[in-house]
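Student: Input: one structure, supplied below.
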Amino acid sequence: MDEIKKTLKDSGLMRWSALLLVSIIMFATYYFYDVFSAIKSTLQSEVGLSNVQYGSLVGAYSLANSFLLMAVLGGIILDKWGIRKTGYIFLFFVVLGSLTTAYGASDLFKPGAFGYSFMSSFLSRYSPELKMMLLGRFLFGLGCETIYVTINKIMVKWFKGKELAFAFGINLAIARFGTASALMFSPVLISAKQGWTTAGWFGAMLVMISLLTFTVYTLFDLKYDRQVKEGLSEEKSDEFKFSDILALFKNSSFMFVTLLCVTFYSAVFPFLAFAPDLLQNKFGFSGELSGKITSILPFGTILFTPLFGWFCDKKGKSASLMIFGSFLLILVHLTLSLTTLTPYIPMFVLGVAFSLVPAAMWPSVAKIVKEKRLGTAYGLMFFIQNFGLWGIPVLMGKVLDKTNPGITPEMIEAGGAIYDYTMTVLMLVILGMLGLFFAFLLKKEDKKSGFGLELPNRE
């Protein structure tokens, strides 16, 4: 028995090394997700995109997970095939998608180049560049969401009963650092001699590096499974039954935390894709300064997410933190839409909110759902979340166009007009209110279910 207990998991150095390796994947994928956010106007001008088309490009990330159930299927595959096989399969799509997106936005993709004729042969109202980028974002999202499900299960595997929420916090902090880096460096990279397409290629290179770090992680994972004799059990887990998914839908606590997830994330990630452009238009900031101000949000989460995770491990109060974070989200969007208060303060507060809710939410799922079905549970959460991540950016683009008739990206780039973002951001306030409602329901349900969301995570 003593030999079984002395595993890699019991070594702090090994636990945190495994965490660092998979967190590099989070950094790279978050970087690439937002690689064009801080250079939205340049991308639109160079490729010829309307606001709706830009929103569609952002939302294409979520198409496979929203309509093809890939996040759910990925979670099921994860529970059945295990971390290593699932990770390699879906990281392949992540790498392919990032390279395809960067290729579509580059000077290499021109008449006579590979795929250009095909992309020109259908849907002529859309440019070949846009269609290639849409394909890339689709493939990138197809792989990413299952990778995130896999990483969530890795967190539980190595840290359940130990520093689970703190580990989630560190993992998310490194991911947010990827977002912050993209917002800061993309405007700098496009001013380099190599041209504006450098930003996309640099992001794709980071994604390729993350594949190498996962390979190193699998060595840890394999040794750990052998130590605790779980290698076979992971490969030959209980057969999946559709009743497992039905059971999740019947679990009120799981559904409330899932609905909070979709409303909260839909009011943050799509906003980040438009935030630098909002700051340029409303406050007259340069593209580089707008990217730096927007990066206040992810930089804030780098500090606060681990801190709040540590608090959940030691003191609990996860449901209460989700309520408070949802309230802060509403306050921020009201401030940005209806006032001219300097954006530094609301962006910082949004960073706090974006630390509170994820730090409390993701570890809470491990209390609500049995570990052998965590892959399916996280997959279902990401599936539902992706409807918001797909639809909200498109809707934001439509609202922005409708409330700014006659204004084109070319006019914006030339400095001859500005966008009014008031109604676009107010739309996100509604999402925040819904998230607050579901957070209250979650706390109320926890008193009945006894899952202990208000209790400390650490055993």
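FYI, it's all coordinate maths here, none of it is from the lab. For clarity, every value in this text was computed on a predicted model and none was experimentally measured. Cβ coordinates were reconstructed from backbone atoms using ideal geometry, including for glycine residues, and neighbour counts include every protein chain displayed.
Student: Helix 422-449 versus the longest principal axis of the chain: what angle, 0 to 90°, nearest 10, using Cα atoms?
Tutor: Result, in degrees: 10.
Student: Using Cα pairs closer than 8 Å and at least 6 residues apart in sequence, work out the relative contact order for the stretch 313-459, in percent.
Tutor: 47
Student: Shifting gears a bit: Which order do 424, 342, 301, 100 fall in if you start with the one that has the fewest other Cβ atoms within 10 Å?
Tutor: So the ranking, lowest neighbour count to highest, is 342, 100, 424, 301.
Student: Based on the Cα atoms of the stretch 392-440, what semi-axes does the equivalent ellipsoid have, where each is the square root of 5 times one gyration tensor eigenvalue, given in whole Å with the largest first?
Tutor: Over the Cα atoms of the stretch 392-440, the semi-axes work out to 29, 9, 8 Å.
Student: As an exercise, use a Förster radius of 25 Å and the Cβ-Cβ distance of residue 398 and residue 67 to find the FRET efficiency, rounded to the nearest 0.05.
Tutor: E(calc), rounded to 0.05, equals 0.85.
Student: Quick one: compute the contact order of the stretch 81-141, relative version, from alpha carbon pairs under 8 angstrom and 6+ residues apart, as a percent.
Tutor: Computed over the stretch 81-141, the figure is 50 percent.
Student: If you don't mind, another one. Viscosity 1.002 mPa s, temperature 20 °C: Stokes-Einstein D of the stretch 43-152 from its Kirkwood Cα radius, in µm² per second?
Tutor: 146
Student: Oh, and also: Only counting other Cβ atoms within 10 Å, I'd like 444, 282 sorted with the fewest neighbours first.
Tutor: 444, 282
Student: Over the stretch 331-459, what number does the Rg to Rh ratio reach, with both radii from the alpha-carbon atoms and Rh per Kirkwood?
Tutor: 1.08
Student: In addition: Where the Cα atoms of the stretch 91-172 are projected onto their three principal axes, how long is each span, largest first, in whole Å?
Tutor: 57, 21, 18
Student: Here's another thing I want to ask about it. Ranked highest first by average number of other Cβ atoms within 10 Å, how do 361-370, 105-114 line up?
Tutor: Averaged packing, sorted descending, gives the order 361-370, 105-114.
Student: If you don't mind, another one. When 312, 144, 261 are ordered from fewest to most other Cβ atoms inside 10 Å of their Cβ, what list results?
Tutor: Result, fewest neighbours first: 261, 312, 144.
Student: Give me the base-10 log of I(q)/I(0) for the stretch 272-400 at each q in 0.09, 0.18 Å⁻¹, Debye formula, one uniform scatterer per Cα, rounded to two decimals.
Tutor: Log10 I(q)/I(0), no solvent term: -0.32, -1.10.
Student: For the stretch 98-110, in order, what is each residue's ³J(HN,Hα) by Karplus, 6.51 cos²θ - 1.76 cosθ + 1.60 with θ = phi - 60°, in whole Hz (x at glycine and Pro)?
Tutor: Per residue, the Karplus-derived 3J(HN,Hα) values read 5, 5, 5, 5, 4, 5, x, 9, 9, 6, 5, 8, 8 Hz.
Student: Explain nothing, just the number: relative contact order of the chain, from Cα pairs under 8 Å at least 6 residues apart, as a whole percent.
Tutor: Worked out over the chain, it gives 29 percent.
Student: Give me the base-10 log of I(q)/I(0) for the stretch 97-136 at each q in 0.23, 0.36 Å⁻¹, Debye formula, one uniform scatterer per Cα, rounded to two decimals.
Tutor: -0.63, -1.30
Student: Could you tell me how many cubic angstrom of Cα convex hull volume the stretch 258-297 has per residue?
Tutor: That works out to 57 Å³ per residue.
Student: Ok, one more. Assuming 0.36 nm per residue, please report the length gained on full extension of the stretch residue 423 to residue 348 beyond their Cα-Cα distance.
Tutor: Once the chain is fully extended between residue 423 and residue 348, it gains 24.8 nm.
Student: In nm, to one decimal, how far is the modelled label at residue 92 from the one at residue 209, with both set 7 Å along Cα→Cβ?
Tutor: A separation of 2.5 nm, rounded to one decimal place.
Student: Can you quote the Å³ per residue value for the convex hull of the Cα atoms in the stretch 1-51, rounded to an integer?
Tutor: That works out to 93 Å³ per residue.
Student: How big is the shadow of the Cα convex hull of the chain, averaged over all directions, in nm²?
Tutor: 21.2
Student: Give me the net charge for the shell around residue 413: Cβ to Cβ below 12 angstrom, other residues only, Lys and Arg +1, Asp and Glu -1.
Tutor: Counting the neighbours of residue 413, the net charge comes to -2.
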